[in-house]
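Everything below concerns the one structure shown next.
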Amino acid sequence: MWLLRPRGVYRPQADTWLLADVLDRTGFAPGADVLEICCGTGALSIVAARTRPRSLTAVDCSRRAALATRFNTAVRGIRVRVERGDAFARTNGRRFDLVIANPPYVPGEPALPARGAARAWDAGVDGRAVLDRLCAAAPALLAPGGTLLVVHSALCRVSTTLRQLRDGGLTASVVARAEEPFGPVMRAREHLLRERGLIAEGQRHEELVVVRADRVPARVPRPRVSATTSTEHGRDPVTSE
Ligand SMILES: C[S@@+](CC[C@H](N)C(=O)[O-])C[C@H]1O[C@@H](n2cnc3c(N)ncnc32)[C@H](O)[C@@H]1O
């Protein structure tokens with residue numbers, strides 16, 4: 001996929017394409033309100049647009065990423081509302097039918113970077129700084145019947161993601177996996193990751209997973225029909241009046 005990618009904006013890679021593949025294969029119904037959290041170049045918003053959504057919103061804290069998403073979607077004639085800022089502050093109180101996210105998930109320093117390219121991957125000591133917030137926000141972000149798709153490395157504990165989402169009342173399961181060789185960021189952190197017991201000696205691969213979580217659809221109230229009433233009036237109780 002050709003994309004404008006200003007310096008410092010995340011280059012779509014294996015995690016992006018694993019999530020894109022799930023999006024393409026799942027066959028979401030048209031007419032949905034879709035949100036991409038952590039949009040980078042907007043690659044996943046472009047793929048999500050193939051589901052023919054009613055609305056498409058993309059959020060990233062990086063100014064350059066927001067610009068790139070605006071450009072990459074506009075040149076394809078895709079209408080997207082691109083917002084710049086913290087994804088959870090920007091979307092608080094809003095609901096979507098489909099939420100997709102490839103958040104930062106690489107374990108690193110405790111403090112998250114305030115600026116620069118590392119915002120795309122640095123995610124605190126255990127790699128869960130943004131993931132934990134996403135799992136906590138998901139139940140409120142999803143409309144009834146809505147779906148979340150999130151990709152991350154198994155290094156930052158898939159079981160925690162599943163548990164947090166289920167604790168929030170969602171169903172959650174792993175819907176795709178892929179084994180990938182470490183990229184430059186992971187290679188540079190091998191020592192630190194080994195020290196923290198997150199990888200084994202000599203490990204050069206990580207497993208990427210896509211987790212799907214669903215909110216149960218709203219119950220449609222069934223019309224209350226009284227047998228007495230229908231007999232008394234001699235009419236079809238559902239269609240009368
Ligand atoms: C791994 S990149 C993913 C980019 C794109 N979705 C892709 O798959 O190619 C993560 C993105 O999250 C953004 N980001 C990090 N923390 C964020 C936050 N709290 N709110 C919004 N965006 C955030 C970064 O600027 C970066 O563009």
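The values are calculated or read from the model by the stated rules, or taken from the named source; none is laboratory data. The structure displayed is predicted, hence computed values, not measured ones. Glycine gets a Cβ as well: all are built from the backbone with ideal geometry, and neighbour counts include every protein chain shown. Heavy atoms of the whole protein, side chains included, go into the accessibility calculation; ligands, DNA and RNA do not. Shrake-Rupley method; radii C 1.70, N 1.55, O 1.52, S 1.80 Å.
Looking only at residues that are among the hydroxyl-bearing types (Ser, Thr, Tyr) and within 9 Å of the ligand (Cβ to nearest atom) in the range 1-30, which one is least open to solvent (accessible area, probe 1.4 Å)?
If we take residues in the range 1-30 being among the hydroxyl-bearing types (Ser, Thr, Tyr) and within 9 Å of the ligand (Cβ to nearest atom), then 16 is least open to solvent (accessible area, probe 1.4 Å).
It is to be established whether one or more residues within the range 58-73 are in contact (Cβ under 8 Å) with a residue 40 or more places away in the chain, outside any helix (DSSP H, G or I) and open to solvent by less than 30 Å² (accessible area, probe 1.4 Å).
yes
Return the residues of the range 107-161 that are open to solvent by 30 Å² or more (accessible area, probe 1.4 Å), free of Cβ contacts under 8 Å to residues at least 60 places away in the same chain, within 15 Å of the ligand (Cβ to nearest atom) and part of a helix (DSSP H, G or I); say none if nothing qualifies.
Residues satisfying the conditions are 119, 129, 132, 133, 136.
Name the residues in the range 31-46 that are on the phi < 0 side of the Ramachandran plot and either within 10 Å of the ligand (Cβ to nearest atom) or not in a helix (DSSP H, G or I) (or both), would you?
Listed by number, the residues that qualify are 32, 33, 34, 35, 36, 37, 39, 41, 43, 44, 45.
For the structure I just gave you, tell me whether residue 211 is modelled with pLDDT of 95 or more and under 22 Å from residue 99 (Cβ atoms).
yes
It is to be established whether one or more residues within the range 80-96 are more than 9 Å from the ligand (Cβ to nearest atom), in a helix (DSSP H, G or I), open to solvent by less than 10 Å² (accessible area, probe 1.4 Å) and over 19 Å from residue 1 (Cα atoms).
Within the range 80-96, one or more residues are more than 9 Å from the ligand (Cβ to nearest atom), in a helix (DSSP H, G or I), open to solvent by less than 10 Å² (accessible area, probe 1.4 Å) and over 19 Å from residue 1 (Cα atoms).
Go through (1) open to solvent by 20 Å² or more (accessible area, probe 1.4 Å); (2) under 19 Å from residue 151 (Cα atoms) and name the single condition residue 77 misses.
Unmet for residue 77, out of (1) open to solvent by 20 Å² or more (accessible area, probe 1.4 Å); (2) under 19 Å from residue 151 (Cα atoms): (2).
Just to check your reading of the model, which residue among 115, 157, 84 is more than 20 Å from residue 42 (Cα to Cα) and charged (D, E, K, R)?
Just a single option satisfies the conditions, and that option is 157.
Looking at the structure I just gave you, is residue 50 more than 9 Å from the ligand (Cβ to nearest atom), surrounded by fewer than 18 Cβ atoms within 10 Å (Cβ to Cβ) and basic (Lys, Arg)?
It is true that residue 50 is more than 9 Å from the ligand (Cβ to nearest atom), surrounded by fewer than 18 Cβ atoms within 10 Å (Cβ to Cβ) and basic (Lys, Arg).
If you scan the range 170-225, which residues turn out to be free of Cβ contacts under 8 Å to residues at least 60 places away in the same chain, under 20 Å from residue 141 (Cβ atoms) and of a type outside the set (A, V, I, L, M, F, W, C)?
Those that are free of Cβ contacts under 8 Å to residues at least 60 places away in the same chain, under 20 Å from residue 141 (Cβ atoms) and of a type outside the set (A, V, I, L, M, F, W, C): 171, 173.
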